[in-house]
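The values are calculated or read from the model by the stated rules, or taken from the named source; none is laboratory data. Because the structure is a prediction, the values reported are computed rather than measured. Because the Cβ atoms are built from the backbone with ideal geometry, glycine has one as well, and the counts that use them run over all protein chains shown. Note: accessible area is taken over every heavy atom of the protein model, side chains too, but ligands, DNA and RNA are not part of it. Shrake-Rupley method; radii C 1.70, N 1.55, O 1.52, S 1.80 Å.
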Amino acid sequence: MIRILLVEPMNLLRGALAATLSLEDDFTVVAELGCLTRAPDMARASAPDVAVVDVGLLAGDGIRLFTRFCAEQPACATLVLAGPDAPERLRRALDTHVGGVIGTQAAPGDLVRGIRQVARGERAIDAGLAVALVAAPRSPLSARELNVLSVAASGMPSAEVAAALHLTAGTVRNYLSVILRKTGARNRLEAVRVAEDAGWLP
């Protein structure tokens, strides 16, 4: 029996996935969560074999939570559900050594096969997502530039961004100038929008 932890923020979709997976004789959904915050505790309590996680939860602090989950649950394989519109999040997920990725447009049978594959210790990569990942442009921004832009996205003045990042205001202005040039944006807000639309922001 393959024990599954399902982490999906949309209640309706989470319920549909749980119902679909429960139809398989060798599957049992041991827990359903809407966020990653409780996943480590839930995994300790329910001992899942596979965690199915929505890639949308890997934004912001989510990737840290997911990395922590993977480190604390080495016996639990992970399968990420992702659409073709979030290549950077998908790349970050793959960097955490997930067992596989399945597209949200895939047939239910593809998800079932993916879960069985990662449960056996095999890699499961959706062909359509692999093509989208290769075709998608990588972020032109460095990790530090993305960090500055992420903090600046709140709208705080450069001086406050500098204080938050322990930089000088001049250094932050230089970073923002480079960010505008690389993204082709006219101002900070437009740069944030470009980065968010492309899925570059963590």
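Details
- Backbone amide hydrogens, once placed in the peptide plane, bring Val29 within less than 5 Å of Ile4, excluding anything fewer than 5 places away on its chain.
- Note on Glu72: accessible area is roughly 80 Å² with a 1.4 Å probe, heavy atoms of protein only.
- Residues of segment 166-202 falling in the label zone of Ala159, defined by backbone nitrogen less than 20 Å from a point 7 Å along Cα to beta-carbon, are 166-177, 188.
- Total charge dipole magnitude, the chain, about the Cα centre, Cβ charges on Lys, Arg, Asp, Glu only, Debye to nearest 20: 740
- A full extension of the chain between Arg186 and Ala59 corresponds to an added length of 43.2 nm, given 0.36 nm per residue minus the alpha carbon distance.
- Each label was represented as a point 7 Å from its Cα along the Cα-to-Cβ direction; for Arg116 and Asp197 these points are 4.2 nm apart.
- Over the chain: Kirkwood hydrodynamic radius from C-alpha pairwise inverse distances, Å: 18.1
- Solvent-accessible ranking of Thr104, Thr183, largest area first, probe 1.4 Å: Thr104, Thr183
- In order along segment 174-191, the phi-based Karplus estimate (6.51 cos²θ - 1.76 cosθ + 1.60, θ = phi - 60°) of 3J(HN,Hα) comes to 5, 4, 5, 5, 5, 4, 4, 5, 5, 8, x, 7, 8, 8, 4, 4, 5, 5 Hz; Gly and Pro are listed as x.
- For the chain, accessible area per residue (1.4 Å probe, heavy atoms of protein chains only), Å²: 50
- Inter-label distance for Met10 and Val151, nm, one decimal - labels placed 7 Å from Cα along Cα-to-Cβ: 3.5
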